[in-house]
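A.B. asks: Submitted below is the structure of interest, expressed as structure tokens.
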Amino acid sequence: MGYLSWFEEHASAHKKIVDKLLSQGKTKEKIIEYFDFDNMVKNEKDFCPLYAENRKCHDMDELNCYLCACPNFRFKDDGIQQIKDKTQYSFCSIDSKDGRQGVYGEKIHQDCSKCTVPHHRSYVEKNFDLEWKKIMKKCIL
Ligand code: SF4
């Protein structure tokens with residue numbers, strides 16, 4: 001699956017949950033709370049493939065899933081640029097010290113496996129919008 005198809009599918013899944021919570025009268029605080037991993041893994045099993053294994057994408061005590069993937073991620077399925085003989089497909093717009101550019105054969109992809117930036121509740125609160133796509137609008141190049 002390319003980045004864009006994942007992005008669109010995830011946006012729909014996210015919207016479905018937010019719409020359900022809004023129809024229940026949940027406030028911003030309660031919506032953010034709902035997206036805590038410990039709750040999501042129990043109540044939204046299809047939202048993330050890792051939930052089936054009760055596994056977190058990052059080793060954190062409190063991991064919030066509202067801003068998966070990350071508003072700082074930038075991608076282009078056709079490639080962003082050539083770097084020598086390799087094609088870069090994604091990068092981090094804030095050049096997080098915990099992220100890195102992973103080289104996979106002739107492809108370069110942003111590797112966020114060691115970065116927890118978007119999963120902190122405080123970050124979600126600061127960047128919150130009911131529309132996930134609005135928060136992520138700069139991700140697609
Ligand atoms: S490295 Fe961190 S801040 Fe950068 S895109 Fe990845 S998760 Fe986001």
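A.B. asks: Find, to one decimal place in angstroms, the Kirkwood hydrodynamic radius of the stretch 3-135, where the mean of 1/r is taken over every pair of different Cα atoms and then inverted.
C.D. replies: 15.9 Å
A.B. asks: Amide H neighbours of Ile108 under 5 Å, at least 5 residues apart or on other chains, H built in the peptide plane: list them.
C.D. replies: Close amide H contacts, sequence-distant or interchain: Thr87, Gln88, Tyr89.
A.B. asks: Out of Lys97, Lys26, Lys114, any idea which swings most in a Gaussian network model of the chain, alpha carbons joined below 10 Å?
C.D. replies: Lys97
A.B. asks: Classify the stretch 5-64 as rounded, prolate or oblate from the Cα gyration tensor: take a ≥ b ≥ c as the square roots of its eigenvalues, call it rounded if a/c is under 1.5, otherwise prolate when a/b beats b/c and oblate if not.
C.D. replies: oblate
A.B. asks: If you don't mind, another one. Within the set of other residues whose C-beta is less than 13 Å from the C-beta of His109, count the net charge using Lys and Arg as +1 and Asp and Glu as -1.
C.D. replies: Summing Lys and Arg as +1 and Asp and Glu as -1 gives +2.
A.B. asks: Which angle between 0 and 90 degrees, to the nearest 10, do you get for helix 3-23 versus the longest principal axis of the chain when only C-alpha atoms count?
C.D. replies: Once rounded, one gets 10 degrees.
A.B. asks: Now for a different question. Could you sort 49-61, 122-134 so that the peptide with the highest average Cβ count within 10 Å comes first and the rest follow in order?
C.D. replies: Details: 49-61: 11.9, 122-134: 13.8.
Those peptides, ordered most packed to least, come out 122-134, 49-61.
A.B. asks: When Lys and Arg each count +1 and Asp and Glu each count -1, what net charge do the other residues less than 12 Å away from Asp61, Cβ to Cβ, add up to?
C.D. replies: Working: positive: Lys56, Arg121; negative: Asp36, Asp38, Asp59, Glu62.
Result for the local shell: -2.
A.B. asks: Step through the table entries Lys56/Lys133; Lys56/Lys97; Lys16/Lys97; Lys26/Lys97; Lys42/Lys133, compare each Cα-Cα distance with 30 Å, and write down the pairs that go over it.
C.D. replies: Numbers: Lys56/Lys133 23 Å; Lys56/Lys97 21 Å; Lys16/Lys97 33 Å; Lys26/Lys97 35 Å; Lys42/Lys133 24 Å.
With Cα atoms farther than 30 Å apart: Lys16/Lys97; Lys26/Lys97.
A.B. asks: For the chain, what does the helix formula give at 222 nm: sum of -39500 (n - 2.57) over DSSP H segments with n ≥ 4, over the residue count, nearest 500 deg cm²/dmol?
C.D. replies: -9000 deg cm²/dmol
Here, each number is a calculation from the coordinates, and none is a lab measurement. Remember, predicted model here, so these are calculated numbers, not experimental data. Positions of Cβ are backbone-derived with ideal geometry, glycine not excepted, and every protein chain shown enters the neighbour counts.
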